[in-house]
Amino acid sequence: MDMKRIRRTQHSPTIPPDMENDGGVYRAAAERKHRGQMFRLAMALVVFLVFLLLMVAISGFHRNLSFNQLRQFTERGHFEINAGVRKEFLESSKFPKAKEDKFLGGLLASGFDEQSCLSRYKFASYSKPSPHSPSDYLLQRLRKYEQLHQKCGPNTFLYNRTIDQLTRGSSSVTTECRYVVWISYSGLGNRMLTLTSAFLYALLTNRVLLVDRGADMTDLFCEPFPGTSWLLPLDFPLSQFKSFDINSPESYGNMLKNKVISNTAAAGASLPSFIYLHLGHDYREHDKLFFCEDDQDLLRTIPWLVLRSDNYFVPSLFLIPTYQEELHQLFPKKDTVFHHLGRYLFHPTNSVWGLVTRYYQSYLAKADERVGVQIRVFETESGPFQHVLDQVLGCTQKQKILPEVSQEQTIIAAPLKKSKAVLLTSLSSGYLEILRNMFWVYPATSGEIISFHQPSHEEHQQTEKQMHNMKAFAEMYLLSLTDVLVTSAWSTFGYVAQGLGGLKPWILVKPENRTTPDPPCILALSMEPCFHAPPFYDCKAKQGVDTGELVPHVRHCEDMSWGLKLVDRDEW
């Protein structure tokens, strides 16, 4: 078949074959039809682009509008934005979103391999920007500490030389590096609080903090200091240090009591190369002298201090005159100690961070508001208990954290009503089941959409199990990412969550005789943890004193009348 025949048998793609030779009328009609199709296609494209731009604008400027709400609006053919939303939309368009601060205001140093610890720089993308900026002096001291740790850390020349001195058992030779060895002890919340306390003490005394890795420290936390490790080497010569307790002859209290050493010793007196500091809840009179200025002068000469505690003893450091000026420069706002140091030190490993992010994205990310409720019951059974459930409902509904439910009328949630995701943490699953069922069977009087989520329910505490502690750490972080937090009295788990999140929680008052307290909860004075077993002693007068009345920024705790906590003077 030649080319001419091929061309004769081909038809125009826009004109049917039977119209091909019927003159200009049909050709003109076909062309008009073609132009109409092109016009409609162009208009459809314009409408699609306008719709796409509107969706991007609305989702960027007004976070509270979910994709489902936008879809509902477009199905009706228009946007219904109330006055409050319109105002927020216009105001937000004037102030573009601030750049994500992955270094947390300078707290975190650069130079880490980000893939080895995703949480270190990804935390900022999940949390709200903190309203509490670290002081310039704190940032300087952290950078200076990091240099000291690189210089004196494990397996450096200076570390090995100091180890030789420790092995010989004498402190007669002046050493360039001095250390605090933290013993892994007690539950995870307690460990994080005491580790923070030990690090602050190391900052104040220019010591290097080394961490006993215990059973699971390497599974939970990334290394916090660049270019070095905070983990105590496995060949550390004091093999017996993990068995130290209140009766150990190496403890500072027992050495004072037995007159092995004296806090009034003359310069040049023979001193041991290490001292054990027993600062647990059961410590005795002589152990508590650690918080006296004269005793700090003595301890400053000891190269190795081995510390064991289950207390957040930071408040009592603020009562030692030697450190008061330094602490004021480090923390002009006194109630930010754990908030800053906790976010500096505690970065979940990739395994734990995976637990955090998968749960957050699955259940919490799309909610307009996130509410954290942490239930800790100090009973032999795990519950649920009716008086605790009544207390949780009494607190959250009285404080307008959760709405009441209507058992008499039908309430349909309006499209623009907020959704609230409630993250519940408890050893028991019973509270979740009751609350979830109540808000499913009965509508919220506010018309809000309320959902309840609980990552785990271990039934009883299992501090010796690795996965139990990984879940606990993940739940602390998830609670810290909420907007409003309700915690349980006396709970170090709750203290950690509120400190990491920079939140002043509503504290559920500890029930007595299984009766719901009245009021059911109180607002915390600050986001700082409570020191549960502080000393009540005036070091100069050498007599008992109420240490919660000495300075304006150290007060008694809301949930434990004899405990001490830091508060900001302006808020007291």
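The values are calculated or read from the model by the stated rules, or taken from the named source; none is laboratory data. Worth saying up front: this structure is predicted, and the values here are computed from it rather than measured. Note that each Cβ is placed from the backbone with ideal geometry, even for glycine, and that neighbours are counted across all protein chains shown. Each accessible area value is taken on the protein alone, full model and side chains, heavy atoms only, with ligands, DNA and RNA left out. Shrake-Rupley method; radii C 1.70, N 1.55, O 1.52, S 1.80 Å.
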- Query: What list of ³J(HN,Hα) couplings, whole Hz, do you get for segment 294-303 from phi and the Karplus terms 6.51, -1.76, 1.60, once you set θ to phi - 60° and write x for glycine and proline?
  - Reply: 4, 5, 5, 4, 5, 5, 4, 8, 8, x
- Item | Gain upon complete extension [L231, T515; 0.36 nm per residue less C-alpha separation] | 97.7 nm
- Item | Separation in nanometres of the label points that stand 7 Å from Cα toward Cβ, at T156 and S116 | 1.7
- With +1 on each Lys and Arg Cβ and -1 on each Asp and Glu Cβ, how big is the dipole of segment 349-566 about its Cα centre, in debye rounded to the nearest 20? 540
- Stretched fully, the stretch from S451 through N258 gains (0.36 nm per residue minus C-alpha distance, one decimal, in nm) 63.4 nm
- Message: Shape verdict for segment 513-572, please, from the Cα gyration tensor: rounded (a/c under 1.5), prolate (a/b greater than b/c) or oblate.
- Response: oblate
- Roughly how much of R358 is accessible, in Å² to the nearest 10, using a 1.4 Å probe? 140
- Task: Kindly rank 206-213, 158-165 from highest to lowest mean number of other beta carbons found within 10 Å of each residue.
- Result: 206-213, 158-165
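In segment 349-566, what percent of the accessible surface is made up of carbon and sulfur (1.4 Å probe, ligands and nucleic acids excluded)?
51
Report the extension gain between S270 and E381 in nm, rounded to one decimal, defined as 0.36 nm multiplied by the number of residues separating them, less their alpha carbon distance.
Taking S270 through E381 to full extension adds about 34.7 nm, to one decimal.
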- Query: What is the spin-label model distance, in nm, from Y442 to S243 if the labels are put 7 Å beyond Cα along the C-beta direction?
  - Reply: 5.9
- Task: Would you mind computing, in nm to one decimal, how far apart the modelled labels at E293 and R358 are, each placed 7 Å from Cα along Cα→Cβ?
- Result: 5.5
- Using only the Cα atoms, work out Rg/Rh for segment 349-566, with Rh taken as the Kirkwood radius, to two decimals. 1.01
- Once all protein chains are kept in place, H340 shows an accessible area at probe 1.4 Å, nearest 10 Å², of 0
